[in-house]
């Protein structure tokens with residue numbers, strides 16, 4: 001997504017990341033631009049190895065441009081002053097924000113979910129003529145969700161899916177955040193959006209009632225040792241959370257002592273000699289490798305687990321090797337390792353890359369179909385765009401008669417793309433939406449809406 005920015009810098013949404021593209025040919029201002037991003041070095045060649053104090057990480061340089069990606073731990077409010085967004089772009093960033101987990105914090109509970117129904121409450125304001133609920137769940141509509149007046153204030157119930165939701169109240173035309181909600185984030189317009197998480201998982205640890213403190217530490221919160229304090233119940237400890245769909249490692253810390261979950265038999269080595277429990281949210285899929293019955297060890301790894309070749313040991317079956325795994329919607333690269341040999345998935349024609357860098361690709365819950373008609377004589381057609389960093393070895397499309405087709409997953413928001421036909425970039429001839437890029441050529445544009 002293109003943002004309004006200073007002349008030499010273009011901001012984009014690349015999947016769930018914010019990317020700054022700096023025009024490297026702007027020699028006069030390049031030093032000051034890099035300094036504004038927190039880099040003390042102005043040597044372009046050393047940028048990939050330098051650390052920025054403002055959390056911008058260099059992901060690539062060439063003669064024309066420098067690409068920096070914003071660390072996921074950084075907040076949007078900490079972006080440079082040159083980064084400005086209009087209301088529609090704020091909505092897009094909110095829906096694209098990578099939220100690995102979340103929990104609610106209230107001064108006085110004003111939003112509650114029971115039996116799949118979420119009820120928003122605004123106390124007081126009894127002299128108001130109207131109160132509207134507006135949020136990321138209704139595209140910040142100012143009309144569609146009027147709240148009902150009660151004896152104590154205003155109320156509205158609706159069904160929301162598990163996850164992070166941003167909201168505000170509109171009281172007689174005046175926007176206001178939920179004063180009882182401690183969870184909020186900058187709305188980039190001088191105020192705040194309140195945050196509410198609909199939970200989808202409960203962590204439990206039986207017993208240990210004599211413990212003074214029990215903490216949940218997991219891969220989704222970067223193994224923080226103090227952030228997720230569990231609550232004591234009658235039979236043990238528990239914690240309700242929203243956890244992003246996928247597979248996650250975790251452990252408990254009981255009075256500073258790390259322990260495994262005794263009620264979870266799924267335990268795996270992390271490759272460094274430590275063992276962790278694993279839990280999953282979402283539908284289970286299977287990675288399968290037929291044959292190789294004589295192999296001693298077969299592993300699966302991909303970008304979804306940091307290419308950790310010690311973690312996902314496959315099980316031998318009557319047809320070969322298999323391992324169940326849960327992944328959130330997305331596009332993933334993977335391979336198998338049979339003893340000391342790396343193997344592509346022989347049953348999967350979808351690939352990315354070339355030579356030893358060629359990997360099998362799996363699209364989980366694909367929601368967008370790309371098709372290029374004609375070019376029947378082409379040897380190969382690559383789909384590339386903001387969703388895969390404009391990789392020239394991007395997703396290989398499949399030939400179907402006289403057209404090339406590929407169905408992938410795209411998160412909500414705006415995406416730019418092109419086809420690479422035997423090394424030649426072309427826009428989508430059947431898509432009337434396009435825009436100019438920094439190279440004075442064009443990119444095709446596609447929008448994906450959030451679906452609740």
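The values are calculated or read from the model by the stated rules, or taken from the named source; none is laboratory data. Quick caveat: nothing in here was measured; it's all calculated off a predicted structure. Please note: Cβ atoms are built from the backbone with ideal geometry, for glycine as well, and neighbour counts cover all protein chains shown.
Selection over region 218-245 of residues that are part of a strand (DSSP E or B) and surrounded by fewer than 20 Cβ atoms within 10 Å (Cβ to Cβ) gives a count of 7. With respect to (1) outside the structural domain of residue 161 (by TED's automatic domain parsing); (2) closer than 30 Å to residue 170 by Cα, the lone exception for residue 213 is condition (2).
Between 351, 368, the distinction of being under 21 Å from residue 245 (Cβ atoms) and touching a residue at least 40 places away in the same chain (Cβ under 8 Å) belongs to 368 only. For region 119-126, does any single residue satisfy the condition of being out of contact with any strand residue (DSSP E or B) (no Cβ under 6 Å at 6 or more places or on another chain) and farther than 23 Å from residue 241 by Cα? Taking every residue of region 119-126 in turn, at least one turns out to be out of contact with any strand residue (DSSP E or B) (no Cβ under 6 Å at 6 or more places or on another chain) and farther than 23 Å from residue 241 by Cα.
If you go through region 430-452 and pick out every residue that is touching a strand residue (DSSP E or B) at 6+ places or on another chain (Cβ under 8 Å) and either more than 17 Å from residue 369 (Cα to Cα) or surrounded by 12 or more Cβ atoms within 10 Å (Cβ to Cβ) (or both), you end up with 15. Taking region 383-403 as the range and being surrounded by fewer than 19 Cβ atoms within 10 Å (Cβ to Cβ) and assigned to a strand (DSSP E or B) as the test, the residues that pass are 398, 399, 400, 403. Just name the residue that is nearest to residue 241 (Cα to Cα) out of those in region 256-281 that are part of a loop (DSSP other than H, G, I, E, B) and under 26 Å from the mean Cα position of the chain (by Cα). Filtering first and then ranking leaves 266.
Residues in region 282-302 that are outside any strand (DSSP E or B) and either assigned by TED's automatic domain parsing to the domain that holds residue 220 or closer than 13 Å to residue 246 by Cα (or both): 282, 283. When the residues of region 143-194 are filtered to those that are part of a strand (DSSP E or B) and touching a helix residue (DSSP H, G or I) at 6+ places or on another chain (Cβ under 6 Å), the one that is modelled with the lowest pLDDT is 186. Looking only at residues in region 123-142 that are more than 31 Å from the chain's Cα centre (by Cα) and not in a loop (DSSP other than H, G, I, E, B), the one that is surrounded by the fewest Cβ atoms within 10 Å (Cβ to Cβ) is 123.
The listed residues are 431, 437, and the only one of them that is over 19 Å from the mean Cα position of the chain (by Cα) and modelled with pLDDT of 85 or more turns out to be 431. Looking for something modelled with pLDDT of 90 or more and within 30 Å of residue 386 (Cα to Cα) - is there at least one such residue anywhere in region 102-117? Yes, that holds for at least one residue. Considering region 286-297 alone, what residues qualify as being under 24 Å from residue 329 (Cβ atoms) and surrounded by 14 or more Cβ atoms within 10 Å (Cβ to Cβ)? Listed by number, the residues that qualify are 287, 288, 289. Taking residues in region 121-137 that are closer than 16 Å to residue 180 by Cβ, and partners anywhere that are surrounded by fewer than 13 Cβ atoms within 10 Å (Cβ to Cβ), the pairs with Cβ atoms closer than 7 Å and at least 6 places apart or on different chains are 123/152.
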